[in-house]
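The values are calculated or read from the model by the stated rules, or taken from the named source; none is laboratory data. All values reported here derive from a predicted model rather than from experimental measurement. Cβ: placed from backbone, ideal geometry, glycine included. Neighbour counts: every protein chain shown. SASA here: full protein model, heavy atoms, side chains in, ligands and nucleic acids out. Shrake-Rupley method; radii C 1.70, N 1.55, O 1.52, S 1.80 Å.
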Amino acid sequence: MPTLRQFEYLVAVADHRHFGKAAQAAAASQPTLSHQLRTLEQRLGVTLVERRTHGAELTPVGREIAERARQVLVEVKDIRDLAERASERLAGTLRFGVSPTLGPYLMPPVIAALHQSRPDLRFYMREGIPDLQAMELVKGSIDMLLGPLPIEGENLQIEPLFREPLILVAPPDHVLAKKEKISVSDLAGAPVLSLDRRHHLHRDVEAQCQQYDMNLLRDYEGTSLDSVRQMVASGLGLGILPELYVQSELARGGDVALLDVDGWNVTRSIGAAWRTGAGFADEYDAIAQKIADEARAMLPA
């Protein structure tokens, strides 16, 4: 009978396609991982992995078995969490995924407050592209996710939390920054900078460019909010930045001007997600509500 540990080794090889990296991820030695995979193949009577000089590739049947094994491992983890919950509250290390356009500007006070009320709970924070992190959540690589909506994935509980304003910014010497009153019609034709298209914020910016007839500069995509702000400051174009970032990085003055545009009421939706049926679903919901409360306290009414 295959063991859960053998399934973990197979999933690690599927993820990394390299025995050394898979062994490191599974906290095992490479000879142990290789031996256990051969034992698994013997027990199942099929070849799961094609061994190569510089890597490893799963066979077609190996890929299918690895995906089913991944589902088994996720279910086993949730069963363990549910059993632990029967006797005690959530403790240990929570693997928490968060968007880089949100986490650094919202989570520090949340983590501080949670540490005071739950000293046995620790957060392993992982920033990343929301779509990719949703896949990690489904696979069980992370426990909980905070990011812009929509968050999509199979068997996920999605909890909308709050709406965050998006702020239009310009170089201080831009003609719009010098106007006493700005209307949305003044935005027509304006060049606008954004993050690369893997980010939800890119889609939000693209939608506003379409609505207000602005020109999205696709050849100058930023790798971070700071890089977008710096390109704006250099005069390359306007930018659309999240309110929490603006509060954190521009509250004491900065290199860009915030534009107060009549009729500009743009926001993005932020939500949390965890796997449906997770053993600590109630605890995850409580953490999500704490995040929402903190965000509402920080954002304008």
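Using a Cα-Cα cut-off of under 14 Å, which aspartates and glutamates could be cross-linked to residue 181, ignoring same-chain neighbours fewer than 8 residues away?
260, 262
Just order 56-64, 283-291 by mean Cβ neighbour count inside 10 Å, highest at the front, would you? Walk me through the intermediate numbers first.
Values: 56-64: 15.3, 283-291: 19.3.
The packing order, highest mean first, is 283-291, 56-64.
Need one word for segment 193-276: rounded, prolate or oblate. Basis is the Cα gyration tensor (sqrt eigenvalues a ≥ b ≥ c); a/c below 1.5 gives rounded, then a/b vs b/c decides.
Here segment 193-276 falls in the rounded category.
Give me the extension gain from residue 210 to residue 255: residue separation times 0.36 nm, minus the current Cα-Cα distance, reported in nm with one decimal.
Contour length minus Cα-Cα distance gives 13.5 nm.
Label segment 101-151 by shape, choosing from rounded, prolate and oblate, from the square roots a ≥ b ≥ c of the eigenvalues of the Cα gyration tensor; if a/c is under 1.5 it is rounded, and otherwise prolate applies when a/b is larger than b/c, oblate when it is not.
Since a/c reaches 1.5 but b/c is at least a/b, the shape of segment 101-151 is classed as oblate.
What's the local net charge at residue 295, with K and R +1, D and E -1, over the other residues with C-beta under 14 Å away?
-1
For an R0 of 51 angstrom, estimate the FRET efficiency from the Cβ-Cβ distance between residue 186 and residue 93 and round to the nearest 0.05.
Plugging the Cβ-Cβ distance into 1/(1 + (r/R0)^6) gives 0.55.
HN-Hα J couplings of segment 162-176 from phi, Karplus 6.51/-1.76/1.60, θ = phi - 60°, integer Hz, Gly and Pro as x?
Residue by residue, segment 162-176 yields 6, 10, 10, x, 10, 9, 7, 10, 8, x, x, 9, 5, 4, 6 Hz.
Starting from 0.36 nm per residue, how many nanometres of slack lie between residue 158 and residue 126 once their C-alpha separation is accounted for? Let's see the in-between values first.
Values: separation 32, 0.36 × 32 = 11.52 nm, distance 1.87 nm.
9.6 nm is the gain from fully extending residue 158 to residue 126.
Considering only DSSP states other than H, G, I, E and B, which GluC sites (Glu not before Pro) in segment 145-244 qualify as loop sites with at most 15 other Cβ atoms within 10 Å?
Hits after loop and neighbour filter: 152, 154, 180.
Roughly how many nanometres apart are two label points built 7 Å out from the Cα toward the Cβ at residue 269 and residue 177?
3.4
Under the rule of at least 5 residues apart or a separate chain, name every residue whose amide H is placed under 5 Å from the amide H of residue 161.
270, 271, 272
So for the chain: antiparallel DSSP bridges make up what percent, rounded to the nearest 5?
60
So, by mean Cβ neighbours within 10 angstrom, what's the order for 187-200, 256-269, 229-242 with the highest one leading?
The packing order, highest mean first, is 229-242, 187-200, 256-269.
Only helices at least 15 Å long along their axis, Cα-based, and averaging 0.5 or more on Kyte-Doolittle count here, so list those DSSP H runs from the chain.
Qualifying helices: 103-117.
What distance in nm lies between label points placed 7 Å from Cα along the C-beta direction at residue 230 and residue 135?
If labels sit at residue 230 and residue 135, their model points lie 2.9 nm apart.
Using alpha carbons only, how many angstrom separate the centre of segment 161-222 from the centre of segment 51-82?
The two parts, judged by their Cα centres, are 43 Å apart.
For the chain, what does the helix formula give at 222 nm: sum of -39500 (n - 2.57) over DSSP H segments with n ≥ 4, over the residue count, nearest 500 deg cm²/dmol?
-14000 deg cm²/dmol
What net charge do the residues around residue 26 carry, taking every other residue with its C-beta under 12 Å from that of residue 26, with Lys and Arg at +1 and Asp and Glu at -1?
0
For residue 139, go through the lysines and keep the ones whose alpha-carbon is under 27 Å away, minus same-chain ones fewer than eight residues off.
List returned: 21, 77, 290.
Return the distance in nm (one decimal) between the two label points of a simple spin-label model at residue 39 and residue 15, each offset 7 Å from Cα along Cα→Cβ.
Distance between label points: 2.1 nm.
Of all DSSP beta bridges in segment 163-295, what percent run antiparallel (nearest 5)?
55
At a Förster radius of 45 Å, what calculated FRET efficiency corresponds to the Cβ-Cβ distance of residue 24 and residue 301, to the nearest 0.05?
After rounding to 0.05, the efficiency reads 0.40.
If you rank 125, 1 by how much accessible surface each has, with a 1.4 Å probe, what is the order from largest down? Walk me through the numbers on the way to the answer.
On the way: 125 75, 1 180 Å².
In descending accessible area the options line up as 1, 125.
Please report the relative contact order for the chain, taking Cα pairs under 8 Å with a sequence separation of at least 6, and give it as a percent rounded to a whole number.
Details: 484 pairs, mean separation 62.8, N = 301.
Relative contact order here is 21 percent.
Under 14 Å from the Cβ of residue 124, count the other residues' Cβ atoms, weight Lys and Arg +1, Asp and Glu -1, and hand me the total.
Net charge around residue 124: 0.
Based on the Kirkwood radius over alpha-carbon pairs, what is the Stokes-Einstein translational diffusion coefficient of segment 110-258 at 20 °C with 1.002 mPa s viscosity, in µm²/s?
Translational diffusion coefficient: 124 µm²/s.
Where a ≥ b ≥ c are the square roots of the eigenvalues of the C-alpha gyration tensor, would you call the chain rounded, which needs a/c under 1.5, or, failing that, prolate if a/b is larger than b/c, or oblate?
Judged from the Cα gyration tensor, the chain comes out prolate (a/c at least 1.5, a/b above b/c).
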